[in-house]
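One structure below.
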Amino acid sequence: ILNVEQSPQSLHVQEGDSTNFTCSFPSSNFYALHWYRWETAKSPEALFVMTLNGDEKKKGRISATLNTKEGYSYLYIKGSQPEDSATYLCAFINPNAGNMLTFGGGTRLMVKP
Amino acid sequence: NAGVTQTPKFQVLKTGQSMTLQCAQDMNHEYMSWYRQDPGMGLRLIHYSVGAGITDQGEVPNGYNVSRSTTEDFPLRLLSAAPSQTSVYFCASSYSHTLTGDTEAFFGQGTRLTVV
């Protein structure tokens, strides 16, 4: 069974704090690693799709890095805002599941004003 | 361009009833899938399809049935609802994850299903 692990499960930070969370995934047969942002009562939306070892992607205050050799990715949020409150999901392309996405349990971020 | 349309948004069923969750996409995506989301757990794959006429089981397929007669539609059938199927269900679609570069998945609005 190929699994994705995310940590921490939840995180409370103050507005303005910078934060980061971890996604661990199997490093063999790697195609891509996805990050999604999921707000309550909405659908998950893609933040990043990362395919290259050492890749770093950025969207505004959010960035992500990728290490395919050791099987981890970090998501960073600089200067957290209340609107960043959401669950952040990572997923890898699972060759044991028809190359569909297998998701981690998510990190729930709550940013207090 | 509507994206992924999933209906209904909410549903309450009695144990033993059957129902179909509808999913349609207008992006000509080959890949379509159904996930369920339960408290404390991530999205778990129920069934998936890599093209019209092709379906396969995911991680938690028991109690569910799918078909893919067209590229656009991928309905999920609950054959005989059980309380353990109380969950939030998401349909997703994408281009092939392995043949094309940045192939993000697009999700429907979700269906909150309660089985009593």
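The table that follows gives values for the structure above.
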item	result
Evaluation of B:Gly108 against (1) exposed (fewer than 14 other Cβ atoms within 10 Å of the Cβ); (2) small (Gly, Ala, Ser); (3) at pLDDT 95 or above (one fails), failing number	(1)
Selection within the stretch B:53-73 - small (Gly, Ala, Ser) and within 13 Å of B:Ala24 (Cβ to Cβ)	B:Ser69
Residue list for the stretch B:74-116, filter: more than 20 Å from B:Gln17 (Cβ to Cβ) and hydrophobic (A, V, I, L, M, F, W, C)	B:Phe74, B:Phe90, B:Cys91, B:Ala92, B:Leu99, B:Ala105, B:Phe106, B:Phe107
Residue match in the stretch A:40-54 (condition: modelled with pLDDT of 95 or more, farther than 28 Å from B:Tyr89 by Cα and over 14 Å from the mean Cα position of the chain (by Cα))	no
Criterion (closer than 22 Å to B:Met32 by Cβ and crowded, with 23+ Cβ neighbours inside 10 Å) met by exactly one of A:Tyr88, A:Tyr36	A:Tyr36
The stretch B:68-109, residues that are without any contact (Cβ under 8 Å) to a residue 24 or more places away in the chain and under 11 Å from the mean Cα position of the chain (by Cα)	none
Test for A:Ala64: is it more than 10 Å from chain B (Cβ to nearest Cβ) and crowded, with 17+ Cβ neighbours inside 10 Å	yes
Filtered residue count, the stretch B:69-104, keeping only those that are in a loop (DSSP other than H, G, I, E, B), modelled with pLDDT of 95 or more and touching a strand residue (DSSP E or B) at 6+ places or on another chain (Cβ under 7 Å)	6
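The values are calculated or read from the model by the stated rules, or taken from the named source; none is laboratory data. Remember, predicted model here, so these are calculated numbers, not experimental data. In this analysis, Cβ positions are derived from the backbone assuming ideal geometry, glycine residues included, and neighbour counts consider all displayed protein chains.
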